[in-house]
1. Where the second residue is in a loop (DSSP other than H, G, I, E, B) and not acidic (D, E) and the first is more than 16 Å from C124 (Cα to Cα) and open to solvent by less than 30 Å² (accessible area, probe 1.4 Å) and lies in region 55-84, which pairs have Cβ atoms under 7 Å and are six or more apart or on separate chains?
2. So how many residues does region 165-177 have that are in a loop (DSSP other than H, G, I, E, B), open to solvent by less than 80 Å² (accessible area, probe 1.4 Å) and farther than 14 Å from N113 by Cα?
3. Based on this model, can you work out whether R203 counts as under 20 Å from F81 (Cα atoms), open to solvent by 60 Å² or more (accessible area, probe 1.4 Å) and modelled with pLDDT under 90?
4. Show the residue pairs meeting these rules: Cβ distance below 6 Å; 6+ apart or different chains; first residue within region 252-271 and farther than 11 Å from L183 by Cβ and free of Cβ contacts under 8 Å to residues at least 40 places away in the same chain; second residue assigned to a helix (DSSP H, G or I) and open to solvent by less than 40 Å² (accessible area, probe 1.4 Å).
5. Suppose we keep only residues that are part of a strand (DSSP E or B) and in contact with a helix residue (DSSP H, G or I) (Cβ under 9 Å, 6 or more places away or on another chain) within region 101-132. Which one would you say is most open to solvent (accessible area, probe 1.4 Å)?
6. Could you list all residues from region 8-48 that are assigned to a strand (DSSP E or B) and open to solvent by less than 10 Å² (accessible area, probe 1.4 Å)?
7. Take A66 and decide whether it is of a type in the set (A, V, I, L, M, F, W, C), within 27 Å of I170 (Cβ to Cβ) and in a helix (DSSP H, G or I).
8. Can you name the residue in region 145-159 that is in contact (Cβ under 8 Å) with a residue 24 or more places away in the chain and out of contact with any Pro (no Cβ under 8 Å at 6 or more places or on another chain) and is also surrounded by the most Cβ atoms within 10 Å (Cβ to Cβ) among such residues?
Amino acid sequence: MIHIATVHWMSDRWIDLQLEYLRRNMDRPYRVYADLEGIDERHRERFDVATDLGPIPHAQKLNALADLIAEEADPRDTLIFLDGDAFPVGPLGEFLEDRLARAPLAAVRRDENLGDVQPHPSFCATTVGFWQELGGDWARGRDWRWKNALGWTVEDVGGKLLYQLNERGIEWSPILRTSSGSLHPTLFGVYEERIYHHGAGFRPTFERTDRHLAGKQPPLPKSLPLEPPDAPLGKLLWKIRAKVWYLTKKRGVAKREERLTRRNLELSEQVFAMIQADDEFFRRL
């Protein structure tokens, strides 16, 4: 049995698509466990198990769904983590059996995101038993950061999982992007011609690759504290310095951020329409 953990947040627009592509491409028995925060309760009956864990971080939702699955699954069963805006576009049974015969965990690795190194929860497959024995945890945080291809110190969901695997010397199997990235380097990705991940499904998005294009946020100068002083003259000088800093240092970056975020949203809507209109959309990406 394959047990799939997925999260849909504040929108039901991906539910039909995800369930339909699962129906087409899951050529082994499977069950879907979903967390549906902010989504009409009528959708719950469409999943084998549905929860609403409330406003907790994405990583905690995935961990909780894995614990729920472990309560009723055989340790030898396959466990898949799947983002709400991700789904298989090719048969998965033999693909998963081959990958999990070579390593105890296989997951998307987003090399295209300026050299991300961690397993990504857009798609990750393992066994229920291995996840429990590892104490698998999708958390992010200061203790699980890494340097990316540009030398930036970054953190993301999956950082702790990578740490757990490395600490025990466990090799995992990366699932890499095979689509061109012509629309966007990290969004709208197809991985090994099996998995599609939209990447902008539930919110306007500004990726690290966009940050590279927009420029890094300039740091506040030491002469400009976060809060203005109480004295009227000091407050006035603070406002003047803040305005000068914004106009000369930050405004250009902020404008580029806004423009790139708008572009990503427009692209997201265009690709979503393509998905709805063409069952073979992924061959055009």
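1. If the second residue must be in a loop (DSSP other than H, G, I, E, B) and not acidic (D, E), the pairs left are A73/M1.
2. Of the residues in region 165-177, 3 are in a loop (DSSP other than H, G, I, E, B), open to solvent by less than 80 Å² (accessible area, probe 1.4 Å) and farther than 14 Å from N113 by Cα.
3. So R203 fits the description; yes.
4. V253/A214
5. Only one residue tops the list, namely T127.
6. Answer for region 8-48, where residues must be assigned to a strand (DSSP E or B) and open to solvent by less than 10 Å² (accessible area, probe 1.4 Å): H8, V32, Y33, A34, D35, L36.
7. yes
8. Here the answer is G159.
The values are calculated or read from the model by the stated rules, or taken from the named source; none is laboratory data. Predicted model, so just to flag it, every value in this text is computed and none were measured. Virtual Cβ from ideal backbone geometry, glycine too; neighbours counted across all protein chains shown. Only protein heavy atoms, including side chains, enter the accessible area calculation; ligands, DNA and RNA are left aside. Shrake-Rupley method; radii C 1.70, N 1.55, O 1.52, S 1.80 Å.
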